[in-house]
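Undergrad: Handing you a structure now.
The values are calculated or read from the model by the stated rules, or taken from the named source; none is laboratory data. These numbers were taken from a predicted model, which means no experiment stands behind them. Here the Cβ is made from the backbone with ideal geometry for all residues, glycine too, and neighbour counts use every protein chain on show.
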Amino acid sequence: MNRYAIRAIYLFELSRAWRTLLQSIATPVISTSLYFVVFGSAIGSSMSQIHGIGYAAFIVPGLIMMMLLTESITNASFGIYMPRYSGTIYEVLSAPVSHVEILVGYVGAAATKSIILGLLILVTARIFVDYRIEHPVWMALFLILTAVTFCLFGFIIGIWADGWEKLQIVPSLIVTPLAFLGGSFYSIEMLPSFWQKVALLNPVVYLISGFRWSFYGVADVNPAVSLGMTCGFLAICLALVGWIFKTGYRLKS
């Protein structure tokens, strides 16, 4: 394992986040904080508790997970798309660096940024609402696993995209709506029976449900199922990335 190559790619990608601190860190934290103000304070004050949890506290895991999904995809897709766009990816591919090392460098940096953002929002949420974390180890596991999985997904999107428009299609038109419909602001048990079954077709439901369970011990879906779904999606992403490197799809042409 070439640790120097991994470190070089990893630090280069992280340095880009520090150079654009306002866009990379401050903007997601501020925009998510506005959700706490609007939904937690304004709307939450007029809503009853959900599963015995105040509404403002109930939406904390959902908001963190919603931000984590979108930022993980955006960070990873932009991180690999820029070298393709500028042509510097060929220098990386021709260097004595294995595909695994390239993947660890890019995805590791993107996941680190996403996890830092998630923790910052978790801390910021304390300003607006009082919440508890019953299973901190499981919370950290879901946070890291989700960040790595969706950074891999973003890595795939960054290789698939052949223009800036395509780079934004999946996060803005698919992932964000799925996050809104995945129980970020409500429990799917509040839906009619038919729509509960439809909601279970949304993979984001399992991520949010498992993450919320780590906070309050309540979930719409069995936490073991949520963990299994996340690991399954991780395996699919790893298989796709392996195929991309094996065939050179949009990397060598």
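Undergrad: Could you tell me whether region 214-222 includes any residue that is surrounded by 21 or more Cβ atoms within 10 Å (Cβ to Cβ), in contact with a Leu (Cβ under 9 Å, 6 or more places away or on another chain) and under 18 Å from Met66 (Cβ atoms)?
TA: yes
Undergrad: What is the one condition in (1) touching a helix residue (DSSP H, G or I) at 6+ places or on another chain (Cβ under 8 Å); (2) touching a residue at least 40 places away in the same chain (Cβ under 8 Å) that Ile144 does not satisfy?
TA: Every listed condition holds for Ile144 apart from (2).
Undergrad: Also: May I ask you to list pairs of residues, at least six apart or on different chains, whose Cβ atoms are under 9 Å apart, with the first in region 63-85 being without any contact (Cβ under 8 Å) to a residue 24 or more places away in the chain and the second being hydrophobic (A, V, I, L, M, F, W, C)?
TA: Listed by first residue and then by second, the contacts come to Met82/Ile89; Pro83/Ile89; Pro83/Val92; Tyr85/Trp164.
Undergrad: For region 2-51, enumerate the residues that are hydroxyl-bearing (Ser, Thr, Tyr) and at pLDDT 75 or above.
TA: Across region 2-51, the qualifying residues are Tyr4, Tyr10, Ser15, Thr27, Ser31, Thr32, Ser33, Tyr35.
Undergrad: Just the residues that are modelled with pLDDT under 90, part of a helix (DSSP H, G or I) and closer than 25 Å to Phe150 by Cβ, please, taken from region 87-106.
TA: Ile89, Val92, Leu93
Undergrad: OK, next. Among the listed residues Tyr186, Tyr206, identify the single one that is of a type outside the set (A, V, I, L, M, F, W, C) and either at pLDDT 90 or above or in contact with a strand residue (DSSP E or B) (Cβ under 7 Å, 6 or more places away or on another chain) (or both). Give the steps one after another, and end with the answer.
TA: Numbers: Tyr186 fails: either at pLDDT 90 or above or in contact with a strand residue (DSSP E or B) (Cβ under 7 Å, 6 or more places away or on another chain) (or both).
Among Tyr186, Tyr206, only Tyr206 is of a type outside the set (A, V, I, L, M, F, W, C) and either at pLDDT 90 or above or in contact with a strand residue (DSSP E or B) (Cβ under 7 Å, 6 or more places away or on another chain) (or both).
Undergrad: Of all residues in region 170-201, count the ones that are part of a helix (DSSP H, G or I), under 16 Å from the mean Cα position of the chain (by Cα) and either more than 19 Å from Gly62 (Cα to Cα) or not aromatic (Phe, Trp, Tyr) (or both).
TA: Count: 10.
Undergrad: Give me the pairs, please: first residue somewhere in region 220-234 and assigned to a loop (DSSP other than H, G, I, E, B), second residue anywhere and surrounded by fewer than 18 Cβ atoms within 10 Å (Cβ to Cβ), beta-carbon distance under 8 Å, and either six or more positions apart or on two chains.
TA: Going by the 8 Å Cβ cut-off, the qualifying pairs are Asp220/Glu189; Val221/Leu200.
Undergrad: So if I check each of Ala147, Ala125, Ala140, Ala109, which one is assigned to a helix (DSSP H, G or I) and surrounded by fewer than 18 Cβ atoms within 10 Å (Cβ to Cβ)?
TA: None of the other options fit; the residue is Ala140.
Undergrad: Considering every residue within region 229-236, establish whether at least one is farther than 19 Å from Leu143 by Cα, surrounded by fewer than 14 Cβ atoms within 10 Å (Cβ to Cβ) and not hydroxyl-bearing (Ser, Thr, Tyr). Working first, answer last.
TA: So in region 229-236, the residues farther than 19 Å from Leu143 by Cα come out as none.
The answer is no; no qualifying residue exists.
Undergrad: Would you pick out the residues in region 56-94 that are surrounded by 22 or more Cβ atoms within 10 Å (Cβ to Cβ) and charged (D, E, K, R)?
TA: Within region 56-94, just Glu71 meets the criteria.
Undergrad: If a residue has to be surrounded by 13 or more Cβ atoms within 10 Å (Cβ to Cβ) and either part of a helix (DSSP H, G or I) or without any contact (Cβ under 8 Å) to a residue 60 or more places away in the chain (or both) to count, how many in region 239-253 make the cut?
TA: So the answer is 5.
Undergrad: Another question about this same structure. Within region 160-210, restricting attention to residues that are in contact (Cβ under 8 Å) with a residue 60 or more places away in the chain and of a type in the set (Phe, Trp, Tyr), which residue is surrounded by the most Cβ atoms within 10 Å (Cβ to Cβ)?
TA: By that ranking, first place goes to Phe185.
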